[in-house]
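Just so it is clear, none of the values below were taken in a lab; they were calculated from the coordinates. Computed from a prediction, not measured in an experiment: that's the story for all the values here. Glycine gets a Cβ as well: all are built from the backbone with ideal geometry, and neighbour counts include every protein chain shown.
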Amino acid sequence: MRFVDEFRDGALARGLAAAIRQAARADRDYSFMEFCGGHTHAIARYGVTDLLPPAVRLIHGPGCPVCVLPIGRIDMAIRLALEAGVTLCSYGDPMRVPASAGLSLIRAKAKLGRGAGSVGTAGTAGTAAAGGEIRMIYSPADALALAQQDPERQVVFFAIGFETTTPPTALLIKQAQALGLRNFSVLCCHVLTPSAIASILEAPEVRRWGTLPLDGFIGPAHVSTIIGTRPYEFFAEEYRKPVVIAGFEPLDVMQAILMLIKQVNAGQALVENEFSRAVSRDGNRKAQQLVSEVFELRRSFAWRGLGELPYSALRIRQEFAEFDAERRFAVAYQAVEDHAACECGAVLRGVKRPQDCRIFGSVCTPENPVGACMVSSEGACAAHYSFGRFVDVTAVSEAPDFVVAP
Amino acid sequence: MNGARKGYVRPLDLRHGAVDMTHGSGGRAMAQLIEELFAKHLGNDFLGQRNDGAVMPIPPGRLVMSTDGHVVSPLFFPGGDIGCLSINGTINDVAVLGATPLYLAAGFILEEGLPLADLRRIVESMARAASEAGVPVVTGDTKVVQKGAGDGVYITTTGVGVVAEGEDFSGDRARAGDQIIVSGSIGEHGMAIMAQRESLGFAAPIVSDTAALHGLIAAMRASGAAIRTLRDPTRGGVATTLNEIARQSGVGMMLQESALPVQAEVAAACEFIGLDPLYVANEGKLLAIVAPEDADKLLAAMRAHPLGQRAALIGSVHADAQHFVQMTTAFGGRRIVDWLTGEQLPRIC
């Protein structure tokens, strides 16, 4: 595959690995946080850690949109389908996140059946409002199309994600307005990257106790195609932490690590752009304008693991209130505690590794996730469980290298 | 005049007609559907006995039996349809146990409103697949459910075959040192369905690999290679099937990513949707675990068969108490190739 394989090339990776080994000083360690779940996934899937010297440690950050949604937000989506009787359209990843009352979107979906009120769902008629349905979609445009096809049905799009997925949601709302749709709305859970980074840097583990060594950030590429690199300049200056914006291919990640090591060695704290093939300093002005037209800052938003963060998420502006599911159906956020043994919060802050959690891999598995980090393919726990858990078992590292003759 | 009045029965309207509840009632309408559609296309001496079951001779050996329900959506897709899929799938399940497939049974659950033209297309496709494979459908059943209670048609096929004494390709026979071979490029069936369902409209359509593998398996057995295990990597793909074998045999496996045969179209489509071809269903591929000294011999025999031309050595078996299937990535790192989690693509076969 052109323009993909080039960024996964084994020979280039070996060259970069050698350069990293050479650049890394023998008298110190390097701890870098990859902010984004996309990086976490790539690191695990391609085995990037195997190519790094032991002195370089990667810390998984909170940049997984599904993981940072607190239980109360998933509950809102479920309530919309079960109680308000809407057709809730969600991406696949949030579907399996455990919510309150032993439910998840996928369990609520099973409870509702296909087209509630039909023969097959008679048993749940007492709990479910007529017509409620939960659908998995691949594109937000599918939700809009569904609303157009069936004007009798109230369609709600469960909008999650960082700045990358926000402009499409804004566009969707504008389209719905232009079409005069009266049966389409959005449950807006869009969150902001800089707020999460600030929260990590302000955390006592980093700032006061120093228990979380943090020498720099691998910044998210796709988010930066929208917001540019400028918003990170504050972190570099204020907190003296270098940031390298990097793409999601494994070579991008390795290149970013090399750039960070060089900055640390030189005592620099700059924002550098490894992903120059798509990211500029100012980002996508048009998308930013679209977003600010439709959304405004929430005064406060609850994050899983990071708690209530001021001005860290978006809500739909008053001018578009009729497309805001929270207003239309009067559903309010209610905080719900995470499972007592679940360490998702600490994992999201980078304070703990997935394997440090007592229930990792025993009680909490991808089949029976307790916390959100085990659900999403971008979650740190799921990535470590699915791709990397063999490193926790010493005997397995003795597996032979299998080389196929050319 | 004579034709129209023959038996005072009006022929089925196979062009514009549709399945209705009477076709499953046990009455004349059902008898007519069986006669003019199923018996006409699938006909053979055993089906012609017209009993509720069929009586057949069996050659010496141990009996192998397998059953498989087919609920694929859409019913028709590039490279096949639910009809040929239901024949090939069950033949393969019998054949990978080392058996010669002999007979098939087919149960249809039809949804009221299914166009008879679609049903005919499906039955014709089954007849073609059964005839090419040389495995007749000897008995069957038809039920009709109300509109909304099904999705067009579901087909369950059961196959029987015989396997010679001493032949055993069960999944618990992989041993450290054995080699892992796949019979061709992976992920085509699943991506063909996915592309069709999501109207992805790729310029080069991906075609399902549905095929009956008993001929290839016969050629493999004839090579004399010490085959430990055979299995067809359908739902859950190569990754899940290898995990099943690793667990059954109590071993670990190490794959080499760069050795995996994947068509460029499938690789691109997977990349686009965010799927891993290792987890995408195949319907005409098999995995063979073979003694190390016979790997080359088996590979040569497979490549000489039309269904094994792209056969490739993809990994090896080693001792591992954890039964991990691992992979050296093309990038140079290592990772687990885990069991499929959740549901990647529903209703794929």
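Side notes on the structure shown:
- Take the convex hull of the alpha carbons in the protein assembly as shown; its mean projected area over all directions comes to 36.3 nm².
- Residues whose amide H lies under 5 Å from that of A:V155, counting only those 5 or more places away or on a different chain, are A:T87, A:F184, A:S185; hydrogens are built 1.01 Å from N in the peptide plane.
- Unit charges at the beta carbon, dipole of the range B:2-163: most positive-side option, B:N51, B:G161, B:G113: B:N51
- For chain B, adding -39500 (n - 2.57) for each run of n ≥ 4 DSSP H residues and dividing by the number of residues yields -8000 deg cm²/dmol at 222 nm.
- 25 Å Cα-Cα reach of A:K241 towards lysines, excluding residues that sit fewer than 8 places from it in its own chain: A:K262, A:K352
- Counted by Cβ distance under 9 Å from B:E283, the other residues give a net charge of -2, where Lys and Arg count +1 and Asp and Glu count -1.
- Based on the convex hull around the alpha carbon atoms, the range B:179-336 presents an average projected area of 9.1 nm².
- As a rough guide to protection, the peptides A:14-26, B:120-132, A:267-279 ranked by mean Cβ packing within 10 Å, highest first, stand as B:120-132, A:267-279, A:14-26.
- With both residues required to sit in the range B:179-336, DSSP beta bridges show an antiparallel share near 85%.
- Calculated P(r) of chain A - Cα pairs past 31 Å, %: 41
- Per-peptide average of other Cβ atoms within 10 Å, ordering A:92-104, A:280-292 highest first: A:92-104, A:280-292
- Peptide ranges A:239-251, A:303-315, B:19-31 listed from the most packed, as the mean C-beta count within 10 angstrom indicates: A:239-251, A:303-315, B:19-31
- Net charge, B:V207 excluded, C-beta distance under 10 Å - Lys, Arg +1, Asp, Glu -1: -3
- The range B:163-269: equivalent-ellipsoid semi-axes (sqrt of 5 x gyration tensor eigenvalues, Cα, Å): 29, 17, 12
- Neighbourhood charge, 13 Å Cβ-Cβ cut-off, centred on B:L47 and excluding it, Lys, Arg +1 and Asp, Glu -1: -2
- Debye intensity ratio in log₁₀ form over the Cα atoms of the range A:1-107, taken at each q of 0.12 Å⁻¹: -0.63
- Overall, chain A carries a charge dipole of about 400 debye about its Cα centre when +1 sits on the Cβ of Lys and Arg and -1 on the Cβ of Asp and Glu, all other atoms neutral.
- Helix A:37-46 axis, angle to chain A major axis (alpha carbon atoms, nearest 10°): 60
- Inter-chain Cβ neighbour count for A:10-18, averaged per residue, equals 2 (cutoff 10 Å, partner chain atoms only).
- When the trypsin sites (Lys or Arg not before Pro) in the range A:178-235 are filtered for DSSP coil states and for at most 13 other beta-carbon atoms within 10 Å of their beta-carbon, the remaining sites are A:R182, A:R208.
- The convex hull drawn around the Cα atoms of chain B, when projected onto a plane and averaged over every direction, covers 19.6 nm².
- Whole-Hz couplings from phi, Karplus 6.51/-1.76/1.60, listed for the range A:257-268; x for Gly and Pro: 4, 4, 5, 5, 4, 5, 4, 4, 4, 8, x, 9
- Average beta carbon contacts from partner chains per residue of B:313-321, 10 Å cutoff: 4
- Crossing angle, helix A:71-82 versus chain A [Cα axis fit, 0-90 degrees, rounded to tens]: 30
- Cα-based helix-to-principal-axis angle, A:193-202 vs chain A, degrees rounded to 10: 60
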